[in-house]
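Structure, as structure tokens:
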């Protein structure tokens, strides 16, 4: 599918927003479910892009920038694969090969992110000089320049894909044999596990493993929605925290705190 | 002192708005320092008027800073309170301000990561993605609205809390509240994750047929003996409701057997394998490529 000039400008603009958010991590324009949808919205291919966004979101659930570590780049992966999906013009049928393209893109994005974060070091040195002068304006300017640089990190690759155009993209997608695309979509079903594994490794302690077992067993009951499971989880967390406090004060031997605030108030009277 | 400078609510709103761009100049040297100084500028502008004071304030806020971007807000609040007192003559030196920042950023990052990145984001993301997979626009809208309302409200209220409590908040934080929040979030997260694994990691061994049994007559719908037309369809539906099988041969796949044993077992094992590989310092990217390759190979072999 070919896009007109206005659509192309909007696509690059959405890419810019996603690039900004890739570093800011605030409004979450870079999350696949939002980024792909926006690309779909401006190109008029909403539904396939939403489905692509949902699939990529599942894969990217556990991708987070923790501390100084850099996660695979969800922004480039979702923007570029959505543009390729739109240009390929295969609609829903193109979703699984777009997912397969997204993963190498996430790695390429990682490199761009590291370059951008290194360049930002030069910018804060400029801020140091501005601070010597007591100039608020210059610091603001460099901060905004930093954000724009992160926007361009995605906007430029997006513009390049648009420049290559629908023809080559389509040819590339058509040249992929079905055993490969089917196999990749099977792989895509399992890749989701990597994100969860990252999150579990971060959170798991001996103390909370029993909750993992409970969750796994209860999840087999398909009538329970995720919201219902969330309710059970919150309730269990509250109960556990309260009970562990009571146990603690009991073992301590003394103290009037029974863990029962109402009881304590009554006792005082 | 008659002419105390106070930060107004509108100053604090400006700071709050800017705090959303905290990570804009994230760099490998001092991480969030540029964004931190940028965030505090509306406050510093009001509190300090001479060039020397401004330069000193900017320099002290360009020191190393890094935390989870949302829980920076209470630290912003406390720092504003401290700067306000300092500009009004209170004896607060650079070391105190830097000490409060560093003292708060570590423990708070320890709360922000499990609460936002490991609990809220996977849960909201999975919910939105499951709607989006069906092609519903509600998925992305839900994600965007819920995430941003939650985030903005959290940042504003904790910034106000920090500002009002001032330096007193550091005493609170050393108490048990932070630990409780962190532990509660890990419990919720650890409870929800296996559900996400079971429902969204798809490992399907359906092409592998374990057995094919010819069923006794009367256990399946005999399509040849049904009356023609709509009557036949009605008859077939009635028979199926009565528990008759659709086919003459009962096919049991490996997947059926696995589902009977423990649903989601294969997905769980894949997750454990990934966890083990990650602990062995294998890069997640290589694991992802490996799984794609595994999927293609297994598909070509006709196992998946």
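Every number in this text was worked out from the coordinates using simple rules, so none of it is lab data. Small disclaimer: the values here were computed from a predicted structure and weren't measured. For neighbour counting, all protein chains shown are included, and Cβ atoms are generated from backbone atoms with ideal geometry for every residue, glycine included.
Convex hull volume per residue, computed on the Cα atoms of chain A, equals 224 Å³.
For the range B:99-193, the alpha carbon positions stretch 50, 26, 17 Å along the principal axes, listed from largest to smallest. With one equal scatterer per alpha carbon and no solvent term, the Debye-computed log10 I(q)/I(0) for the protein assembly as shown at 0.05, 0.06 1/Å reads -0.27, -0.38. Summarising the label geometry, the points placed 7 Å from Cα in the beta-carbon direction at residue A:2 and residue B:13 lie 4.9 nm from one another. Taken over the C-alpha atoms, the range A:52-104 has Rg and Dmax values of 11.9, 40 angstrom.
If I take every Cα pair under 8 Å that is 6 or more residues apart in chain B, average their sequence separation and divide by the length, what percent do I get for the relative contact order?
Working: 312 pairs, mean separation 45.9, N = 304.
So the answer I get is 15 percent.
Compute the helix-to-body angle for A:209-219: its Cα long axis versus the longest principal axis of chain A, expressed 0 to 90° and rounded to tens. Once rounded, one gets 70 degrees. Between the alpha-carbon centres of the range B:2-46 and the range A:79-157 there is a gap of 23 Å. Normalised Debye scattering of the range A:1-99 at q = 0.18, 0.22 Å⁻¹ gives log10 I(q)/I(0) of -0.73, -1.04, counting only Cα atoms as equal scatterers and leaving out solvent.
Relative to the longest principal axis of the Cα atoms of chain A, the long axis of helix A:226-252 makes an angle of roughly 40 degrees. Each peptide in A:129-138, A:190-199 receives the mean, over its residues, of other Cβ atoms within 10 Å, and ordering these scores from highest gives A:190-199, A:129-138. Using a simple spin-label model with pseudo-atoms 7 Å out from Cα toward Cβ, residue B:96 and residue B:50 lie 1.9 nm apart.
Distance from the Cα centroid of the range B:50-124 to that of the range A:1-64 is 32 Å (rounded to whole angstrom). Taking every residue in B:264-276 and counting other chain Cβ atoms within 10 Å of its Cβ, the average works out to 5.
Order these peptides, A:146-158, B:215-227, by their mean beta-carbon neighbour count within 10 angstrom, highest first. Please list the in-between numbers first.
On the way: A:146-158: 22.8, B:215-227: 11.4.
Most protected by this proxy first, the peptides run A:146-158, B:215-227.
Largest first and in whole Å, what are the equivalent-ellipsoid semi-axes of the range B:10-72 based on the Cα gyration tensor, each being the root of 5 times an eigenvalue?
On the way: eigenvalues 78, 47, 10 Å².
The equivalent ellipsoid of the range B:10-72 has semi-axes of 20, 15, 7 Å.
Packing around the peptides B:15-28, A:206-219, A:73-86, A:104-117, taken as the average count of other Cβ atoms within 10 Å per residue, puts them in this order, highest first: A:73-86, B:15-28, A:104-117, A:206-219. Each part gets one Cα centre, and for the range A:193-232 versus the range B:184-260 those centres are 27 Å apart. The angle separating the long axis of helix A:136-164 from the principal Cα axis of greatest extent in chain A is about 60 degrees.
Computed FRET efficiency, Cβ-Cβ of residue B:152 and residue A:47, R0 45 Å: what is it to the nearest 0.05? Before the final figure, lay out each step's value.
Numbers: r = 30 Å, r/R0 = 0.66.
The value I calculate is 0.95.
Coordinate range of the alpha-carbon atoms in the range B:210-302 per principal axis, descending: 65, 25, 22 Å.
Considering every alpha-carbon pair of the range B:188-258, the percent of pairs per 10 Å bin, from zero through the bin containing the longest distance, is 17, 29, 23, 19, 10, 2.
With both residues required to sit in the protein assembly as shown, DSSP beta bridges show an antiparallel share near 75%.
Built from the Cα atoms of chain B, the convex hull projects on average onto 24.6 nm², one quarter of its surface area.
Over all residues in A:118-127, what is the mean tally of Cβ atoms on other chains that come within 10 Å of each residue's Cβ?
6
Taking the range A:1-53 on its own, what percent of its Cα-Cα pair distances exceed 15 Å? Mind dumping the intermediate values first?
Working: 607 of 1378 pairs.
The answer is 44 percent, as a whole percent.
Volume per residue for the range A:86-130 equals 85 cubic angstrom (convex hull of Cα atoms).
For the peptide B:13-26, the mean number of other protein chain Cβ atoms found within 10 angstrom of a residue's Cβ is 6. Taking a ≥ b ≥ c as the square roots of the eigenvalues of the Cα gyration tensor, the range A:76-152 is classed as prolate, since a/c reaches at least 1.5 and a/b is larger than b/c.
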